[in-house]
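*Asks:* So that we are looking at the same thing, I have put the structure below in structure tokens.
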Amino acid sequence: MHAQEMIKIDQDKLRDWIRAEGLGGLLAQYPVGLKPVRALGAMGLGLALSGAGALEPASLFCALSVSLSAWGASSSAKHFFEHLKWPAFLNSELGLQSAQAPVGSPSASNPHAYLVGYTVDKGQAIHLSGEHLSRHFMVGGMTGVGKTVSATLLMAQQMSKGGGVLWVDGKLDPDNMEMFFHLAKWLGRESDVRIIHPSNPALSNSYNFIAQGTPDQVASRILSTIPSTQTNAGSDYYKQAANQGLICVLGVMECLALSYNCMDLAILLTHPKALLELDDMVNAHLQARPQAHSPSIASFKLFLESCKSAHALNGKVQIDTRKLRDLFGGVAGRLFVYGSGSCGEVTNSYHSEVDLLEGMREGQLIYCALPTMGQHLSAQNFGKMLLGDLRSAVAKLQALPKACRPDPPFLIWLDEVASYGSASALATPFQQARSAHIALGVGFQEHASVQELGPSFLSTILGNTYNKLLFKPSDPQTTKAWAEMMGRQRVFERTVSEQQTRSKAFDFLGLGLNAKVTHSQSQTHTRREREEYRLSVERLARLDVGQAVLLHGATQLFDLRIPKLSFLPEMKQELGGVVIQRPVSKLKPKRSAPKAGQPAQGQFVGEGGLYFYKKYEHFLTELTPLARSLATTQEETRRAKFQKLGGLHPGAS
């Protein structure tokens, strides 16, 4: 058979198939419009021309007809597949059509674009610009659905752009710390990693969270661990008195350029002899520099006088231990916990390896592990102190020129914030951190846990986060709140009702031979408008693991799948375990006031620390729990014994 006859037979079969099956099946799902019809017409015209008569396969007319058929077929296929939806490849039961355009994409004018995920309905990559990320974000959802995975994706991109990260992990998962370190090492930023691990000093850098800040800021940071006293006038009075006393003590140590840690301050607020020794340092300072008298010294002297009383037997004026215990008992007990045990090995440093302000300016990668499961109360208070230090650092960063602020914006991820958050510490950063080039993100499971931190804390988060990534919710109350947050939309319903009537009538007395039959038919069209959730409670509950809804700017909705980053076991083995980076301290030791040409009592030569925790070491050993073999009464906690035995005198130094 000749080639020309074979081509003709194939064309005949193609036309027969299109007439019988192909054309009907195609038009059943084909989009209606001018372009699709034009494409189909071109394909049909090309097929008709190619089959008209006996054409030479190599002729120009045959080539033109084949080209026209090919163009029409390709255009038709393009329009046909554009009409099809992608859920066949990315499954979703939400039935949500994502916004028409992505929020942003990487480009020369937008280098700091962060991938969030891929839309389920179109497979389109959704990015957030650095400006949008600086307007803060929240990630909600039940445990194990992808909150940490989504944050890890953002942090990995931040590391690759040379930006800084602070991750406060409220659930202390060892895999999270390992993943954080591996990402940094894989991206060549191992030396920028700093780890704060209060329950494991061997895997932690030193971090003294009361070393930086003004006396007002440090006092506020310490008192943030005490529950709110606004509804109790008596408790509020003692809290304000403790705040005033703390400011006086901290102010005079700042005036003397004395470094201190948690244990130093706990001893100073409880032990009369330590407080008198600080007064001797002040007197030596004034004797060496008479012109150095300052309001801080005057306030401290006045505070010291208010703590004195006459002895009941000999009438000698001395510091009243009971007054100190009533004023600072709760505060000193908390500071004692921070300065003792494994936590004390991390916090008892005068030259801290972790400085939040320095870390933000230099783009460091800081990971903080809080043991909220095993040591809930101490971890919760440690987290509040960290957030207080963070607030002070953001305030200092905000005061710097714009050229000195982080670029790209410093990324802060507060995972499981409900386990350690503080409304007083986070409200202002959420409202003002954007101007300091800080991108603040929080993760939590349900609204009820966040509301326990303060009546206005949840409103602060919802009102000051421009981007909300919502995973599968954990309870009906949270689900309903998210549906309300995403808003409502107007829906038009059209109903059509039909009615048919058939009646038969006879002549009078039924004598007529032919009855009259009447048929009537009516049709009613009703159009009703109603409001419904853009994404209902029932559909939100269908979210899958790794699937989330992104609410951007309270208007744009995206149905996303979040990619998960992970290292192969071989790569993990090559990257190795977590290694603590020990940087050389850039801080110069503070100098204290000399006493008659000699170092101040209780200090080492050439150092500017208070060192009360070393001088009064015997006093601290008296506070340790009694051995069980010798105990005849119920063992008291270390904090309670510290408050109770605050009047003990140390041995001779």
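The values are calculated or read from the model by the stated rules, or taken from the named source; none is laboratory data. Just so it is clear, the structure is predicted and the values come from calculations on it, not from any experiment. Using ideal geometry, Cβ is built from the backbone for each residue, glycine included, and neighbour counts are taken over all protein chains shown. Each accessible area value is taken on the protein alone, full model and side chains, heavy atoms only, with ligands, DNA and RNA left out. Shrake-Rupley method; radii C 1.70, N 1.55, O 1.52, S 1.80 Å.
*Asks:* When you go through (1) open to solvent by less than 40 Å² (accessible area, probe 1.4 Å); (2) out of contact with any Gly (no Cβ under 7 Å at 6 or more places or on another chain) one by one for GLN556, which number turns out not to apply?
*Replies:* All conditions pass for GLN556, except number (1).
*Asks:* Let me spell it out: the conditions are (1) within 24 Å of ALA113 (Cβ to Cβ); (2) open to solvent by 10 Å² or more (accessible area, probe 1.4 Å), and LEU414 meets all of them except one. Which number is the exception?
*Replies:* With respect to (1) within 24 Å of ALA113 (Cβ to Cβ); (2) open to solvent by 10 Å² or more (accessible area, probe 1.4 Å), LEU414 is out only on (2).
*Asks:* Also, I was wondering about something else. Exactly one of (1) more than 29 Å from SER129 (Cα to Cα); (2) at pLDDT below 90 is unmet by GLU353. Its number?
*Replies:* Single failed check for GLU353: (2).
*Asks:* Spot the failing condition for VAL337; the list is (1) more than 30 Å from ILE195 (Cα to Cα); (2) touching a Ser or Thr at 6+ places or on another chain (Cβ under 7 Å), and only one is missed.
*Replies:* Going through the list (1) more than 30 Å from ILE195 (Cα to Cα); (2) touching a Ser or Thr at 6+ places or on another chain (Cβ under 7 Å), VAL337 breaks only (1).
*Asks:* Further question on the same structure: List every residue pair whose Cβ atoms sit under 6 Å apart, with the two residues 6 or more apart in sequence or on different chains, where the first one lies in the range 314-342 and is free of Cβ contacts under 8 Å to residues at least 60 places away in the same chain and the second, anywhere, is charged (D, E, K, R) and surrounded by fewer than 17 Cβ atoms within 10 Å (Cβ to Cβ).
*Replies:* VAL317/LYS308; ILE319/LYS308
*Asks:* Provide a single number: the residues in the range 286-307 that are at pLDDT 80 or above and either touching a strand residue (DSSP E or B) at 6+ places or on another chain (Cβ under 8 Å) or not in a helix (DSSP H, G or I) (or both).
*Replies:* Result for the range 286-307: 4.
*Asks:* Within the range 108-126, which residues are open to solvent by 10 Å² or more (accessible area, probe 1.4 Å) and modelled with pLDDT under 90?
*Replies:* Residues of the range 108-126 open to solvent by 10 Å² or more (accessible area, probe 1.4 Å): 108-112, 115-116, 118, 121-125.
Result: ALA108, SER109, ASN110, PRO111, HIS112, ASP121, LYS122, GLY123, GLN124, ALA125.
*Asks:* Another question about this same structure. Quick one: in the range 192-212, which of the residues that are within 12 Å of VAL354 (Cα to Cα) and polar (S, T, N, Q) is modelled with the lowest pLDDT?
*Replies:* This residue is GLN212.
*Asks:* On to the next question. Are there any pairs, at least 6 apart or on different chains, whose C-beta atoms fall under 6 Å, with the first in the range 422-433 and within 11 Å of GLY388 (Cα to Cα) and the second charged (D, E, K, R) and in a helix (DSSP H, G or I), and if so, which?
*Replies:* SER422/LYS384; ALA425/ARG391; PRO429/ARG391
*Asks:* Identify all residues within the range 152-185 that are open to solvent by 10 Å² or more (accessible area, probe 1.4 Å) and either touching a Phe, Trp or Tyr at 6+ places or on another chain (Cβ under 7 Å) or assigned to a strand (DSSP E or B) (or both); write none if there are none.
*Replies:* LEU154, GLN157, MET177
For (1) polar (S, T, N, Q); (2) within 25 Å of HIS132 (Cα to Cα); (3) at pLDDT below 90, each residue gets a yes or a no:
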| residue | (1), (2), (3) |
| --- | --- |
| VAL537 | no, no, yes |
| GLN547 | yes, yes, no |
| ALA554 | no, yes, yes |
| GLU574 | no, no, no |
| VAL579 | no, no, no |
| ALA593 | no, no, yes |
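*Asks:* When both residues are 6+ apart or on different chains and their Cβ atoms are under 8 Å apart, which pairs have a first residue that lies in the range 463-490 and is touching a residue at least 60 places away in the same chain (Cβ under 8 Å) and of a type in the set (Val, Ile, Thr), and a second that is assigned to a loop (DSSP other than H, G, I, E, B) and open to solvent by 60 Å² or more (accessible area, probe 1.4 Å)?
*Replies:* THR465/ARG135
*Asks:* Pairs only if they're at least six apart or on different chains, beta carbon under 9 angstrom, first in the range 116-132 and touching a residue at least 40 places away in the same chain (Cβ under 8 Å), second among the acidic types (Asp, Glu); list them, first residue then second.
*Replies:* Partner pairs satisfying both residue conditions: THR119/ASP559; VAL120/ASP559; ASP121/ASP559; GLY130/ASP407.
*Asks:* I would also like to ask the following. Considering each residue of the range 515-553, count those that are among the acidic types (Asp, Glu) and surrounded by 13 or more Cβ atoms within 10 Å (Cβ to Cβ), and give that number.
*Replies:* Here is the first cut: in the range 515-553, the ones among the acidic types (Asp, Glu) are 529, 531-532, 538, 544.
From what's left, surrounded by 13 or more Cβ atoms within 10 Å (Cβ to Cβ): 544.
Qualifying residue count for the region: 1.
*Asks:* Show the residue pairs that are 6+ apart or on different chains and have beta-carbon atoms under 6 Å apart, the first residue being within the range 385-414 and farther than 10 Å from ALA436 by Cβ and touching a residue at least 12 places away in the same chain (Cβ under 8 Å), the second being in a helix (DSSP H, G or I) and open to solvent by 50 Å² or more (accessible area, probe 1.4 Å).
*Replies:* These pairs meet every condition: SER392/GLN217.
*Asks:* Among TYR420, TYR367, TYR338, which is aromatic (Phe, Trp, Tyr), open to solvent by less than 10 Å² (accessible area, probe 1.4 Å) and at pLDDT 90 or above? Don't jump to the end; show me each part of the working.
*Replies:* On the way: TYR420 fails: at pLDDT 90 or above; TYR338 fails: at pLDDT 90 or above.
The match here is TYR367.
*Asks:* Okay, next question. Of everything in the range 473-485, what is in a loop (DSSP other than H, G, I, E, B) and surrounded by fewer than 21 Cβ atoms within 10 Å (Cβ to Cβ)? Give them in sequence order.
*Replies:* Hits for the range 473-485 are SER474, ASP475.
*Asks:* Could you list all residues from the range 360-384 that are in contact (Cβ under 8 Å) with a residue 24 or more places away in the chain and in a helix (DSSP H, G or I)?
*Replies:* Within the range 360-384, MET360, ARG361, GLU362, HIS376, SER378, ALA379, GLN380, ASN381, PHE382, GLY383, LYS384 qualify.
*Asks:* Answer yes if at least one residue in the range 442-449 is open to solvent by 30 Å² or more (accessible area, probe 1.4 Å), over 30 Å from PRO406 (Cα atoms), among the aliphatic types (A, V, I, L, M) and modelled with pLDDT under 90, and no otherwise.
*Replies:* For the range 442-449, residues open to solvent by 30 Å² or more (accessible area, probe 1.4 Å), over 30 Å from PRO406 (Cα atoms), among the aliphatic types (A, V, I, L, M) and modelled with pLDDT under 90: present.
*Asks:* Still on this structure, I have one more. Taking the condition open to solvent by 40 Å² or more (accessible area, probe 1.4 Å), within 20 Å of the chain's Cα centre (by Cα) and at pLDDT below 90, does GLN375 pass?
*Replies:* It is false that GLN375 is open to solvent by 40 Å² or more (accessible area, probe 1.4 Å), within 20 Å of the chain's Cα centre (by Cα) and at pLDDT below 90.
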